[in-house]
1. Are there any pairs with C-beta distances below 6 angstrom linking a residue in the range A:407-434 that is hydrophobic (A, V, I, L, M, F, W, C) to a residue that is away from RNA strand B (no atom under 12 Å from the Cβ) and part of a loop (DSSP other than H, G, I, E, B), with the two at least 6 apart or on different chains, and if so which?
2. Restricting to the range A:14-49, name every residue that is over 21 Å from A:D508 (Cβ atoms), assigned to a loop (DSSP other than H, G, I, E, B) and more than 7 Å from RNA strand B (Cβ to nearest atom).
3. State yes or no: is A:I344 near RNA strand B (Cβ under 9 Å from one of its atoms) and not assigned by TED's automatic domain parsing to the domain that holds A:G198?
4. May I ask you to list the residues in the range A:60-110 that are surrounded by 16 or more Cβ atoms within 10 Å (Cβ to Cβ), under 39 Å from the mean Cα position of the chain (by Cα) and of a type in the set (S, T, Y)?
5. Residues of the range A:380-417 being among the aliphatic types (A, V, I, L, M), away from RNA strand B (no atom under 11 Å from the Cβ) and surrounded by 14 or more Cβ atoms within 10 Å (Cβ to Cβ), which ones?
6. One residue is enough: does the range A:322-334 have a residue meeting the conditions assigned to a strand (DSSP E or B) and modelled with pLDDT of 95 or more?
Amino acid sequence: MKIQDLDRIILDEIRAIIGREFKCPTVEIDVSIPPENVDAELAVACFPAAKQARCSPGKIASTVAARFGQPEWLDNVKAAGPYLNFRLKPDALFRMVIDQSLSERKRFGHTPDRESRTVLVEYSSPNTNKPLHLGHIRNNVLGMAIINLLTARGHRVIPATILNDRGIHICKAMVGYRRFGNGRTPDSEGLKGDHFVGRFYVAFEREIQAHPELMDEARDMLRDWESGDPEVRNLWSRMNGWVAGGFDRTYRRMGSRFELVQYESETYSLGRKVVEQGLADGVLQRRDDGSVRIDLSDFGLDEKIMLRADGTSVYITQDLGVAVERFQKFNPDRVIYIVGSEQIYHFRVLFEVLKRLGYGWADRCRHLSYGMVYLPEGKMKSREGKVVDADQLMDRMRDMALEVMQSSAIEIEGADRLETAEAIGLGAIKYFILKVNPMKDIHFDPRASLAFEGATGAYLQYTYARIQSMLRKAGCRPEPGENVGGLESPEEIALARSLLWYPNTLRDSAEELNPSKTAGYLFEMARNFNTFYHKHRVLDAACPTLRTARLALSAAAANGLESGMSILGIQPLHRM
RNA sequence: GCGCCCGUAGCUCAGCUGGAUAGAGCAACGGACUUCUAAUCCGUAGGCCGUAGGUUCGAAUCCUACCGGGCGUACCA
């Protein structure tokens, strides 16, 4: 029997009993995790059923408990007031959890959805005038976790991004470079391309105070760019190339990848065509001043502009084009936009406009918003250079990890040393971000926030490494069907229970597009292992069968951790 | 002004489609390494779940109002 079948089997029988005894066919019931003081694997609350069957929950619970059959895996089912608690036979519990984990390995807990769908996930979507910062890290880390969660549900996921590579902000950096660049290049300065370009963007913003005419220069340049001025276009592609090269390195480091990359410079004109079609269809109106607008006041939104009076496109124009292109290319069942919460309004407008333009797929789009990242000094402001730079942060975390490794009992030599430190640093950043519900703002205090102790990425990696070390010393790899007799202690049962509930957690986490659920659960799983590990000997257990069984349980836990860490984008380590 | 989001332990957060005694981590304090990795484990202390009403057998969870914080409400992105 698979873990995933357990709920259904239990619920089916409860429904049958209630149907028979209370003449009440379809009762809404669900399984849940019993509280800690209850010694059972699964719980069912009888309140909703009681309402439907018109009798007390206690009566339902006691009746079901009395009538429930005796499958070979069930130890007992007890009514505790309005609750039903199911306790599995320890053997069956260990058998089920260990066999399934050992055979599914790093895919342990993946439950395919009833229907496999094509889901396009947009994330990252940076401006190409400055390096990535902590806000982008949150976006990328979240995006990848969502992608992994949906993939684990058996969906075909298309990771997508759009590079905002055109517009006034890009021209600012270009003017900055033309003014202060003096022919320097990233190579000549030994800088990553995105950092190099970012310097001139900052230089522009700094100089604009004293030299307001720079702004006119930038506007002229935008016009020249749109008209295809060769010199401007040339500078533009050179600078964008530098930035792209820099982003590439950062993305590789974080683990971000994209199957579809769109460029605003290519899609903005497409958006304009969409708007023109909307005009022709009478959905959009052209005002006397030449601007194109749509009135959404009947939808609770304001009048929104779609094209400027001078005919140039605004932010939303390109998003129309981007969306249309995506559906033309992939016709996805769902599109998930991973974009910060400050753009909630923008996406409400976007989806509504698409709908009014007659695109039936508009309701397949969803904005997954996430909270801001605040520093102790307040909100990050890239214009003022008040940001936590992504590359710098990753460097610093890696260096901190290297320091901690100095005092570790385990020596790691050569290139592995740096790689391990890198994985630990990245794991710390990712876990720190993913453990927080996406909806919530994150308050980032570099001194306190990124640690390697407690509920951290390092904790998961450490626990995993510990198990790997044990398995190496054991000199064997437990296989499904291993004898699991002798496991019985509370710590062993607690660990097995956390594995039992893992598939459901993963499923819920994917359904809710909420990786923090997985993150929190993994910590608990790791903690259960560590508690077990401290209390019981594995390699020198009292007898060979117990040793085998404990090794198998440990290996099962390692698979659970590996499965979850992979979904969060945290690298499992064999030594640390 | 209007709209959306968030207020849970000193700090950072779980728990929120109502359900069993509100849980972790950090920080504090006290313990555990000649023994499978102490980046670990065990224990102590710490809470009018922002406030006030309401719905309910039952509210941190749902509703209303208010208070506090954030974001948005651009011919910025």
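1. Taking only residues 6 or more apart or on different chains, the pairs are A:A423/A:Q571.
2. Within the range A:14-49, A:K23, A:C24, A:P25, A:T26, A:V27, A:D39, A:C46 meet the criteria.
3. Values: near RNA strand B (Cβ under 9 Å from one of its atoms): yes; not assigned by TED's automatic domain parsing to the domain that holds A:G198: no.
Answer is no for this residue.
4. A:Y83, A:S101
5. Of all residues in the range A:380-417, those among the aliphatic types (A, V, I, L, M) come to A:380, A:387-388, A:390, A:393-394, A:397, A:400-402, A:404-405, A:409-410, A:412, A:415.
Keeping just the survivors that are away from RNA strand B (no atom under 11 Å from the Cβ) gives A:387-388, A:390, A:393-394, A:415.
Passing the criteria: A:V387, A:V388, A:A390, A:L393, A:M394.
6. Of the range A:322-334, the ones assigned to a strand (DSSP E or B) are A:334.
Narrowing further to those that are modelled with pLDDT of 95 or more: A:334.
There is at least one residue in the range A:322-334 that is assigned to a strand (DSSP E or B) and modelled with pLDDT of 95 or more.
Results for (1) assigned by TED's automatic domain parsing to the domain that holds A:S227; (2) more than 8 Å from RNA strand B (Cβ to nearest atom); (3) not in a helix (DSSP H, G or I), shown as yes or no for each residue.
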site: A:E276; (1), (2), (3): no, yes, no
site: A:V283; (1), (2), (3): no, yes, yes
site: A:G290; (1), (2), (3): no, no, yes
site: A:I294; (1), (2), (3): no, yes, yes
site: A:D298; (1), (2), (3): no, yes, no
site: A:K304; (1), (2), (3): no, no, yes
site: A:D310; (1), (2), (3): no, no, yes
site: A:I316; (1), (2), (3): no, no, no
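The values are calculated or read from the model by the stated rules, or taken from the named source; none is laboratory data. Values in this document were obtained by computation on a predicted structure and should not be read as measured data. Note that each Cβ is placed from the backbone with ideal geometry, even for glycine, and that neighbours are counted across all protein chains shown.
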